[in-house]
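Notes to accompany the following structure.
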Amino acid sequence: MDLEKLYRVEKKDLPRLEEILNICFAADPLYQTLIPDDEIRKRLMPELFRCDMDEMFATCEIFANSQELNGLMVVSNEGESYNMLHYIYTEAKATLMTEAFLVKEDASLQTLHNFIKGIDYLNSRWTDGLPKERLHIVYLAVDPELQHHGIAAEMLHQVLHYADEHGLMVSLETHNEHNVPFYQNFGFDVYRVEEHHFPLKQYCLVRQARQTEA
């Protein structure tokens with residue numbers, strides 16, 4: 001997947017991107033629900049994002065707005081062929097590491113229980129009925145100090161332009177209702193709203209495949 005105006009992230013860049021994710025999602029409804037204790041959440045989230053980004057680097061495509069790394073976007077090309085054994089190994093490793101972090105930071109096992117109970121908020125299972133020829137945006141985040149400067153919009157525009165060139169649907173989810181209008185401005189529609197075991201809504205959004213004119 002070639003996005004000319006975005007920087008393709010290298011392994012050495014991951015710590016900076018983990019930092020951005022940790023800051024951006026510290027107050028996200030998903031993590032506040034699954035990790036309600038402030039102190040546990042503060043300790044746990046950096047470990048979770050470190051594990052997450054290692055997995056994403058192996059299975060998805062990660063872009064930043066530039067080498068300055070002020071914003072990032074993680075995209076999964078669902079129609080792309082992949083090594084099944086490598087994928088299963090990477091997923092299993094990430095799951096084991098995540099569970100180990102959950103137990104280490106909360107010996108009561110309540111946080112682990114919450115993650116198991118809330119698994120449908122974490123696995124994008126709602127996309128199972130969508131076309132395989134599709135891009136799924138896993139993360140879109142910008143350093144809070146540089147938000148409202150068009151960085152997120154430009155990164156999203158680049159991915160949507162690629163999707164239009166290749167006739168691909170684009171999907172994503174957010175647990176923050178305030179994000180929904182931003183995505184609707186780019187042509188996304190609310191596919192459905194899900195709620196599983198917690199008073200937490202998952203807004204599932206899709207942008208239908210389009211074809212650019214020759």
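The values are calculated or read from the model by the stated rules, or taken from the named source; none is laboratory data. As the structure is a computational prediction, the values presented were derived from the model and not from experiment. No Cβ is skipped: glycine too gets one built from the backbone with ideal geometry, and neighbour counts run over all protein chains shown. For the accessible areas, the whole protein counts, side chains as well, though only heavy atoms, and no ligand, DNA or RNA atoms are used. Shrake-Rupley method; radii C 1.70, N 1.55, O 1.52, S 1.80 Å.
Counting only residues that are touching a Phe, Trp or Tyr at 6+ places or on another chain (Cβ under 8 Å) and among the charged types (D, E, K, R), which one in segment 3-18 is least open to solvent (accessible area, probe 1.4 Å)?
Within segment 3-18, the match that is least open to solvent (accessible area, probe 1.4 Å) is GLU18.
Please go through segment 67-123 and give me each residue that is among the small types (Gly, Ala, Ser) and under 19 Å from the mean Cα position of the chain (by Cα), ordered by number.
Hits for segment 67-123 are GLY71, SER76, GLY79, ALA92, ALA94, GLY118.
If LEU14 passes every condition in (1) part of a helix (DSSP H, G or I); (2) at pLDDT 95 or above; (3) closer than 27 Å to LYS201 by Cβ; (4) not acidic (Asp, Glu) but one, which one does it miss?
(3)
Only one of these conditions is not met by LEU69: (1) open to solvent by 50 Å² or more (accessible area, probe 1.4 Å); (2) part of a loop (DSSP other than H, G, I, E, B); (3) modelled with pLDDT of 95 or more. Which number is it?
The one condition LEU69 does not meet is (1).
For segment 27-59, give me each residue that is in contact (Cβ under 8 Å) with a residue 60 or more places away in the chain and either buried (at least 19 other Cβ atoms within 10 Å of the Cβ) or assigned to a helix (DSSP H, G or I) (or both).
Across segment 27-59, the qualifying residues are PRO29, LEU30, THR33, LEU34, ILE35, ILE40, ARG43, LEU44, MET56.
For ALA100, which of the numbered conditions (1) closer than 30 Å to ALA152 by Cα; (2) in a helix (DSSP H, G or I) fails to hold?
(1)
For ASN77, which of the numbered conditions (1) within 22 Å of MET45 (Cα to Cα); (2) surrounded by 17 or more Cβ atoms within 10 Å (Cβ to Cβ) fails to hold?
(1)
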